[in-house]
Each structure stands twice: as structure tokens, then as C-alpha cells.
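Structure, as C-alpha cells:
The values are calculated or read from the model by the stated rules, or taken from the named source; none is laboratory data. Keep in mind that what you see is a predicted model, and the values were worked out from it rather than measured. Positions of Cβ are backbone-derived with ideal geometry, glycine not excepted, and every protein chain shown enters the neighbour counts.
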Amino acid sequence: RGRKEGKNRFKFYSSDLGIQNYKDYIIRTQLHHAIENNELKVYYQPMVNLKDNKVLAAEALIRWEHPEWGTISPGEFIPLAEENGLIIDIGKWILREVCYNYSQWIQKGLPDIKVSVNFSSVQFLEKNFVDNIIDIINEFNVNPNFLIMEVTESVIVEKNRKCILALKKLRSFGIQVAIDDFGKSFSSLAYLNSVNIDMIKIDKFFIKNCLTNKTTNVIIGAVIDAAKKLNINIVPEGIETWEQLYYLRDLNCYAGQGYLYSKPVPLEDFEKILAKGKCKPVIINRTPVMPQ
Ligand code: C2E
Ligand code: MG
Ligand code: MG
Ligand code: MG
């Protein structure tokens, strides 16, 4: 069937199976081709110094630009790719892309920033996982120190021994390790007894509630305090408002990420941000209040 029929088929399935089932079905059957058809894209979101707006790093976030469906978010296809194992190929693809882009930035004389890449726990199950990463980094002849590997707490808590060994090897090679989505699930730093980490990224739901929920507020304060004593960088995600920014600045939080600074953007747009070296929080236009 040709692409032209796509919209009609969509109508049929949307009433029959439900739109989500149909979308899942499309993702399952077409994700194989996404890499070879050049439909995957890397977007970058700046990680910014909260005091002087300097761009410190970028998080690489994958997008699937589907010819019929438009942009499909990773939240929709990554879980399915984890289920059918395609995450292994996708993971290698994005790491290559990131190494290539980073090497270009250095060549163009753009600021030498870090780049963080999300890794799923499924990738850790791959045979030769560590060696394959090292091979890709060497292939592009880049300093492994530029790379931050983002993993969720579940990687360390569930898959334990194998993962911890892998993380140790990667760290000794020079790659930094970040705990992503901190606060979403376990919110314990007990794993620090078995593996050293370089960065903790506080989940956006925590940041959303930090000003209204006393418990969240206290937990964030305590985590920031603990991290400082342990020499771990704390990076809040999902900073959307000035109030949140002021609050985090007051806690002496060094770096952060969020729509207030920038959404994840395509490579060309990110290079413009990088050329400036700074990324200012966007002043949100408030509707002027009319005099009574
Ligand atoms: P994540 O690693 O926690 O990435 C941060 C997510 O928060 C991104 O969603 C980003 O666009 C979003 N975000 C950033 N700032 C804000 C904000 O101020 N407000 C709100 N509401 N959201 C914000 P995105 O790009 O849709 O990615 C979703 C998840 O998909 C990521 O969550 C990550 O776990 C996963 N993912 C993305 N790319 C990859 C990849 O290459 N490999 C793997 N394994 N997972 C990936
Ligand atoms: Mg992340
Ligand atoms: Mg993540
Ligand atoms: Mg996160």
C-alpha cells in the first residue's frame, strides 16, 4: 500500500482499534525502517549555568520525523523500541550522531561543551555494551570526557552487578555518569555506595511542585545539600518559570535545563545558541492588566 492511503487507513483503524493502538502498531512495524530512511533526528536542549546563562552542555533528545505522522516523541517510541530490542541500534545511531556533531563543533571552533545522551537499561544487557561505546567514541576521535551518560535509578537498582561494572568501566574510560529523573521513582542515594556518579538530574515533576509542596521542597534542599558534600553536580530539569529559577538560584544550584531557557531544538538552531555561548531565560510576555 502506498503512502497516499495512509490517512484513510488511519480513519479505519482509529475507530476500530483506537488511535493509540494504531499508532503503536505503526511504530512497531515501521521503526525498523526509521534509521535507514533517515527519519530519526537528534534535537539538543541546552543545559545552562543558572547565574551567568553560559551554555555548559546539551542533552541529546531523539525525534522520529515520520513522513505521515509528523514528529513522534521518544516517549511514544522508545518504550516500544525497548520491548523489541531496536533500542540497541537506535542507541548506537544516536551516539554516532552526537559524536559526529560534537566533533564538528570543535572543528568549527564553537565552545567545547559536554553532551549528555540517554541510555536505557535494556542497552546494558547488550553483549559488549561497554566496548561498543568505546569503539564508537574512538571512531570519531573525540575526547570521551565530553560525554555524559544519563541513566535512570532503575538501571542501578534493578540490573545491579552487570550495570555497576559497566558504569565503572565507562567512568574509568572518561565518560561521566548522570542519574536522570531523580525523584520519579526511588529517590534514594543509597546506590552511591556501589557506584560513583558525576551528576544528578532532578525530575521535572519535582521542580514543578517545589514551590507549592513542602515535602518536595525539603527533599530537593536535602538532595542538593548531599550532592554538594559528595561533589556531585545537581541539574534540575523542567525549569519553566522565573519563580522556579529564583528558587533554585537561592539554593545555589549551579546548572539547569528547561523551557524557560530553551526547548530541545534541531542541530542548526542549537549551533546558533552555541555560537552565542549563552542562553538567556525567556521573558514571558504577560497580558497587560487593564486599568479598572
Ligand atoms: P528525559 O531524559 O528526562 O529528557 C527530558 C525531557 O523533558 C525531554 O522530553 C524534554 O524535551 C523535556 N523537557 C525539557 N525541559 C522541559 C520543560 O521545561 N518542561 C517540560 N514539560 N518538559 C521539558 P522528550 O524529548 O520528549 O524525551 C522524553 C524521554 O525520552 C526522555 O526523558 C528520555 O528518557 C527519552 N529519550 C529521549 N531521547 C532518547 C534516546 O536517544 N535514547 C533513550 N534511551 N531515551 C531517550
Ligand atoms: Mg535525560
Ligand atoms: Mg532519560
Ligand atoms: Mg529526565
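Report whether or not SER185 is closer than 30 Å to ASN21 by Cβ, surrounded by fewer than 17 Cβ atoms within 10 Å (Cβ to Cβ), small (Gly, Ala, Ser) and within 16 Å of ligand 2 (Cβ to nearest atom). Yes. Between PHE205, PHE140, the distinction of being of a type in the set (Phe, Trp, Tyr) and modelled with pLDDT of 95 or more belongs to PHE140 only. Within region 112-123, identify whether any single residue is part of a loop (DSSP other than H, G, I, E, B) and more than 26 Å from LYS204 (Cα to Cα), and answer yes or no. Checked against the condition, which is being part of a loop (DSSP other than H, G, I, E, B) and more than 26 Å from LYS204 (Cα to Cα), region 112-123 yields at least one hit.
Report yes if some residue within region 207-227 is within 16 Å of ligand 3 (Cβ to nearest atom), of a type outside the set (Gly, Ala, Ser) and over 16 Å from CYS253 (Cα atoms); otherwise report no.
Within region 207-227 (the criterion being within 16 Å of ligand 3 (Cβ to nearest atom), of a type outside the set (Gly, Ala, Ser) and over 16 Å from CYS253 (Cα atoms)), the answer is no, since none of the residues qualifies.
Against the criterion of being within 26 Å of LYS54 (Cα to Cα), touching an Asp or Glu at 6+ places or on another chain (Cβ under 8 Å) and within 11 Å of ligand 1 (Cβ to nearest atom), GLU150 qualifies.
I want to confirm something. Restricting to region 97-110 and keeping residues that are assigned to a helix (DSSP H, G or I) and more than 19 Å from the chain's Cα centre (by Cα), which single residue is surrounded by the fewest Cβ atoms within 10 Å (Cβ to Cβ)?
GLN107
Within region 114-131, being more than 26 Å from PHE270 (Cβ to Cβ) and either within 16 Å of ligand 1 (Cβ to nearest atom) or surrounded by 17 or more Cβ atoms within 10 Å (Cβ to Cβ) (or both) holds for SER121, VAL122, PHE124, LEU125, GLU126, PHE129, VAL130.
Inside region 172-278, counting only strands (runs of 3 or more DSSP E) that do not spill past its ends, which hold 2 or more residues that are under 14 Å from LEU50 (Cα atoms) and either away from ligand 1 (no atom under 16 Å from the Cβ) or β-branched (Val, Ile, Thr) (or both)?
Numbers: elements: 176-182, 199-202, 233-236.
In region 172-278, 233-236 are the strands (runs of 3 or more DSSP E) which contain 2 or more residues that are under 14 Å from LEU50 (Cα atoms) and either away from ligand 1 (no atom under 16 Å from the Cβ) or β-branched (Val, Ile, Thr) (or both).
Restricting attention to region 201-213, the residues being in contact with an Asp or Glu (Cβ under 9 Å, 6 or more places away or on another chain) and crowded, with 18+ Cβ neighbours inside 10 Å number 6. Specify which of the listed residues (VAL142, VAL151, VAL155) is more than 16 Å from ligand 4 (Cβ to nearest atom), touching a residue at least 12 places away in the same chain (Cβ under 8 Å) and of a type in the set (A, V, I, L, M). Exactly one of VAL142, VAL151, VAL155 is more than 16 Å from ligand 4 (Cβ to nearest atom), touching a residue at least 12 places away in the same chain (Cβ under 8 Å) and of a type in the set (A, V, I, L, M), namely VAL142.
Residue under question is GLU68, and the condition is that it be part of a loop (DSSP other than H, G, I, E, B) and under 29 Å from ILE26 (Cβ atoms); does it hold? It is true that GLU68 is part of a loop (DSSP other than H, G, I, E, B) and under 29 Å from ILE26 (Cβ atoms).
With the structure loaded, tell me whether PRO111 is within 9 Å of ligand 1 (Cβ to nearest atom), touching a Leu at 6+ places or on another chain (Cβ under 7 Å) and not acidic (Asp, Glu) or whether it fails that test. When the stated conditions are applied, PRO111 does not pass them. Please specify each residue of region 111-143 satisfying the condition of being more than 19 Å from ILE232 (Cα to Cα) and within 18 Å of the chain's Cα centre (by Cα). Scanning region 111-143 gives PHE119, SER120, SER121, VAL122, GLN123, PHE124, ILE133.
I'm trying to understand the selection: among the residues of region 82-94, which are hydrophobic (A, V, I, L, M, F, W, C) and either touching a strand residue (DSSP E or B) at 6+ places or on another chain (Cβ under 6 Å) or not in a helix (DSSP H, G or I) (or both)?
Initially, region 82-94 is screened for residues hydrophobic (A, V, I, L, M, F, W, C), giving 86-88, 90, 93-94.
Those that are hydrophobic (A, V, I, L, M, F, W, C) and either touching a strand residue (DSSP E or B) at 6+ places or on another chain (Cβ under 6 Å) or not in a helix (DSSP H, G or I) (or both): LEU86, ILE94.
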